[in-house]
Structure formats: structure tokens, C-alpha cells
Amino acid sequence: MTFNDSSLPPVLPEDAARLAATVAGSVLLPGDAGYDDERAVFNLNHELTPAVIVVPESVTDVQAAVSFAAGQHRPVLVKTTGHQIVGSASSAVVIATHRMNDITIDAACRSVRVGAGVLWSEVIAKTTEVGLAALNGSNPTVGVSGYTLGGGLSPTLGRSQGYAADHVRSLDVVTADGELRHVTAESEPDLFWALRGGKGNFAVVTALEFDLFPVSRLYGGGLYFPGDRTADVLRAWTAWHPSTPETMVTSIAVMRMPSMPEVAEPLRGKFLVSVRIAYSGTTADGERMIEPLRAVAPAVLDTVRDMSYAEVASIHNEPTDALPYYERGIMLREFPPQAQDKLIELVGPDSETDLVMAELRALGGAWDREPKVPNAVATRGLPYSLLGVSAGPLSEEEQLKMSVANLLDGMKPWQGARRYVNNLAPDEAADAAAIYGPERYERLASIKKTYDPANMFRLNHNVMPAT
Ligand SMILES: Cc1cc2nc3c(=O)[nH]c(=O)nc-3n(C[C@H](O)[C@H](O)[C@H](O)COP(=O)(O)OP(=O)(O)OC[C@H]3O[C@@H](n4cnc5c(N)ncnc54)[C@H](O)[C@@H]3O)c2cc1C
């Protein structure tokens, strides 16, 4: 059986009250105080209107929420931050995990255990106190859970260490039957494989344990050049990065910065091409290595420096407050000169694009290697991820989508066969088979059938249970 959102009636107050009596956290119906705060998401163009929201304090609260959803034949959507929500969840039980925010570091074992609601900013603040670093993403406001379950491309250490999902040691999850399971490579090998890359399709994750690395500083930051030098900078970067060691992680972004007070003065309202640098070797080597990039053109701003790992968010310098946007990405299987020319045509100074950002991350290295315990991450062997971001209100939705489509359609001749689930837009939820590739998808679907046969966890880039 599959759930049908639209045909489900609202949750009755008496049913919500019965659920509330069994949980320590909050149970909120539309109209209740706190409901609007709990349904808020990072992307202001996306509105969640859940039938009921449960804000758990504990694993048993999560079990109660899942059992309630099963009893009412409702889907469940887990919200950490709402960076990548699929659907409005109008008939669903939304589990908002932010109160499950414990962080326990085992410095001797170089690992950390975090609750489901923990953000990267919170992990970075704690791990850097003991000279360790995790495979966090570019933006500290992103949640550890969604990011890691989707793979987790770290723009600081990923090229030498691989995906964040490759370094997960264990997960505590509540499956659709309401069972709490401690999932490791030994205890539940199939589920362990699927959760790491298959994202929120299999269970509600209540805690994750993963590796930390002895990195306390980086040579990193951004080189911001005038956008009219896009062609020179892009060609120089493309020729340069393959010769660098795996400890150098880099990306390039063509940006049309909005004229908002939130944007720092030298960049506000500017058209720029930015090269991001995160080098975990010595400062002297890093400086030497990026000399050819610094020589391409005079920079508008150069923030590349020796920095404490605690400052990593300044490398990409992304917005941290909720805002209205649309973003979508593809993987490139190659980036030859014709592709470079095309990208310059699509987003360079002579283009008419209104994208706020077109970002190309150089991958390879450990991102291509299968981890010791393989997982469902689908994008190994694809050397670039390309992301288009447009910003503006929902009233401009069509234009926002079209701007991103122009970029990604233009680069289609070089697109890789699989996709990176963390860079998918909400409206691409139907494409999971193409995202993962047929063999991987078949295995995911078979595991889904075992653990979530009724497809309770389907408000996502959905893997359907095998038939
Ligand atoms: C500004 C910005 C920067 C980013 N930078 C990077 C980056 O550097 N590298 C990268 O790889 N990605 C990056 N991302 C993408 C990011 O990884 C995804 O948006 C991810 O889904 C965010 O996870 P979340 O938990 O914060 O979001 P949410 O929107 O709360 O969750 C997204 C989905 O993840 C699943 N999920 C979340 N928590 C749980 C849980 N506890 N149990 C089960 N399923 C769960 C659910 O399906 C949920 O719908 C970035 C996104 C933004 C907006």
C-alpha cells in the first residue's frame, strides 16, 4: 500500500492529544502556538503545511510519532533545517528534530556522536576545541543528518577523505515499524549501505556517529575577481586544479551578488568570479600552489590565508539567514574546452543570465574511491558537480526555474549519468531511478521493501519499494 496525501483528513484534536500524552516533546496542530515556528524552513519559497508536527525530545518520542503516522496511514517527513524539503507535507506527520542536539566527542577514537537535529556550525564549534575536524559542508547552517545521508561533499577535506557518508560508523534509526535499531556494517549491513547515500528513504535517523580528522587549520579563503575576467579565470582554474594534491579542495563560482546590506561592501551588487581554496597542507605550500591563480587578474578581494578550522564558513561565505531561492545541480562527466566555452557563454559577461550563482566543484580523489564499507552514494567517478542558484520570491518561480534550466540544459552534453541527491531540487522527486543508476536503485528498492514496504518515508527523492 502507498499513502495518498491529498485524500487524508486533518488530524483530529483528540488524536493529537492522545499522541501528546505519550511524548515528552511537543505535538502541534495547525493554529497551535509554535506551529508556524516549527514549520519554518530555510528556503522561503517552500511552505510546509503539515497535518501535525512532532518536536521530539527523545528517541521514544520519535517512535511514538512514527507509530502514530503508521496508525493513521500518514507519511512522515523529517525536518532538520528545511534546506531541501520535498512537498508541502500537508497530510503528513513532520518530525522537527532540533531538540535532539547532543554532541559527544571521543577525541581518543577520533569520532563524534550527534543527535539528529545538530547543525554543522555546532559540530565545528565543538570539534575545533579539541583540534579535530569533520567533513562538514560549505554552509554551517546545514544539518548534519540530511547532508550526511545524501553523501556529504565537504569542500574542505572531501577530496582526500571522501564523502561524509563514507565515514559514518553507526546510525541510530527508527524504522517504519517503530523499532529503534543501532545500525552498523555488522548489525544491519543492507540498511547501513542504503542509509549512507539513500538519504531519508529508510528510517528516521535519531543519531549518527562518524569520524573526525586531526586538522585544526587550513590555508583557505576566496579569490574574488571581476566577472568580466570569467573566461581567463575559469580556463586558468580548469588547467590548474588537476595538478594539485588531494589536500587541495577547490571550486569556482560565477556570482551576481545582490545589492543587499547582508553582502559585504567590496562585493555588494558586483558581478564576480570566485575561486574557493581549502588546502590542508602548509601555508607556504598553499601560497606557492595558488600563485598561478593570483596572477590571472587583480583580485577585487583576496581572503585566502592561514586560518583556524573554526573559520571554514568564511571560505564560501554563504548566506546564513533564510531566503527565497531555487537551486538544482547536475554532475559533469568531463569539462573539455568546448564545455568551458559553453559555460562562459551561459554565465559570463556576455550572457543575460540572472543566476546569483553558477558553481563548479572539482571532485576526484577520495570522492571516487569506494570506502572500506561500500555505501549507496551514486556519484563516484564523476569529476565535477555543477549547481545553479537563482534567488527571488515565489511569484517569480517560473523565471527562477528557467534561469537554472538554461544553465543546466546548456551543459547537458557533458552531464554525467547519475545525480547528487543533495543537489536536487524539490520538483525532481520523481527521478530517483535515474539519480542512482539502475543497479544501485534496484538494491535500494529491495531494501526499501524490507524496511518501509508502505513507503511511509516518501516525501523526499523517493525510492519506491520493490514490487
Ligand atoms: C546554502 C547551502 C549550502 C550547501 N552546501 C553543501 C555542501 O557543501 N555539500 C553538500 O553535500 N551539500 C550541501 N548542501 C545541500 C545539503 O546537503 C542538503 O540540502 C541537505 O538535504 C540538507 O540537510 P538538512 O538536514 O539541513 O535539510 P532538511 O531540509 O531538514 O532535510 C532534507 C531531507 O533530508 C532527510 N533528513 C534530514 N534529517 C533526517 C533524519 N534525521 N532522518 C532521516 N532523514 C532525514 C529528509 O529526507 C529531509 O527531507 C547545501 C545546501 C544549501 C542550501
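The values are calculated or read from the model by the stated rules, or taken from the named source; none is laboratory data. Every value quoted in this text rests on a predicted model; they were computed, and no experiment measured them. Neighbour counts are summed over all protein chains in view; Cβ atoms, including those assigned to glycine, are modelled from backbone coordinates with ideal geometry. To get the accessible areas, we keep the full protein, side chains included, count just its heavy atoms, and leave off ligands, DNA and RNA. Shrake-Rupley method; radii C 1.70, N 1.55, O 1.52, S 1.80 Å.
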Restricting attention to the range 1-40, and to residues there that are modelled with pLDDT of 95 or more and among the β-branched types (V, I, T), which single residue is most open to solvent (accessible area, probe 1.4 Å)?
T22
What's the number of the only condition in (1) loosely packed, with under 15 Cβ neighbours inside 10 Å; (2) out of contact with any Phe, Trp or Tyr (no Cβ under 9 Å at 6 or more places or on another chain); (3) not acidic (D, E) that Y309 fails to meet?
(1)
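Taking the residues in the range 447-457 that are in contact (Cβ under 8 Å) with a residue 40 or more places away in the chain and more than 15 Å from the ligand (Cβ to nearest atom) as candidates, determine which candidate is least open to solvent (accessible area, probe 1.4 Å). Break it down stepwise before answering.
First, the residues of the range 447-457 that are in contact (Cβ under 8 Å) with a residue 40 or more places away in the chain: 447-448, 450-457.
Retained after the next criterion (residues that are more than 15 Å from the ligand (Cβ to nearest atom)): 450, 453-454.
On the way: T450: 98, P453: 80, A454: 32 Å².
My answer is A454.
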Report the residue count in the range 73-93 for those that are over 23 Å from N423 (Cβ atoms), within 12 Å of the ligand (Cβ to nearest atom) and either under 20 Å from the mean Cα position of the chain (by Cα) or not in a loop (DSSP other than H, G, I, E, B) (or both).
1
Being more than 12 Å from the ligand (Cβ to nearest atom) and of a type in the set (V, I, T) is the filter; apply it to the range 109-151 and report the residue that is surrounded by the fewest Cβ atoms within 10 Å (Cβ to Cβ).
V130
In the set N460, N375, N423, the lone residue that is open to solvent by 20 Å² or more (accessible area, probe 1.4 Å), touching a residue at least 24 places away in the same chain (Cβ under 8 Å), within 30 Å of S67 (Cβ to Cβ) and within 22 Å of the chain's Cα centre (by Cα) is N460
Among the numbered criteria (1) within 14 Å of the ligand (Cβ to nearest atom); (2) within 25 Å of A313 (Cβ to Cβ); (3) surrounded by fewer than 19 Cβ atoms within 10 Å (Cβ to Cβ), which one does S216 miss?
(1)
Tell me, yes or no, whether the range 254-269 has at least one residue that is part of a loop (DSSP other than H, G, I, E, B), touching a residue at least 24 places away in the same chain (Cβ under 8 Å) and closer than 30 Å to G115 by Cβ.
yes
Across the range 19-72, the tally of residues that are of a type in the set (D, E, K, R), farther than 14 Å from R99 by Cβ and within 16 Å of the ligand (Cβ to nearest atom) stands at 2
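For every residue, the table says whether it meets (1) in the same structural domain as V130 (by TED's automatic domain parsing); (2) without any contact (Cβ under 8 Å) to a residue 40 or more places away in the chain; (3) aromatic (F, W, Y); (4) crowded, with 24+ Cβ neighbours inside 10 Å.
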{"position": "V168", "(1), (2), (3), (4)": "yes, no, no, yes"}
{"position": "A185", "(1), (2), (3), (4)": "yes, no, no, no"}
{"position": "G200", "(1), (2), (3), (4)": "yes, no, no, yes"}
{"position": "A207", "(1), (2), (3), (4)": "yes, no, no, no"}
{"position": "P226", "(1), (2), (3), (4)": "no, no, no, no"}
Let me spell it out: the conditions are (1) at pLDDT 95 or above; (2) open to solvent by less than 30 Å² (accessible area, probe 1.4 Å), and P383 meets all of them except one. Which number is the exception?
(2)
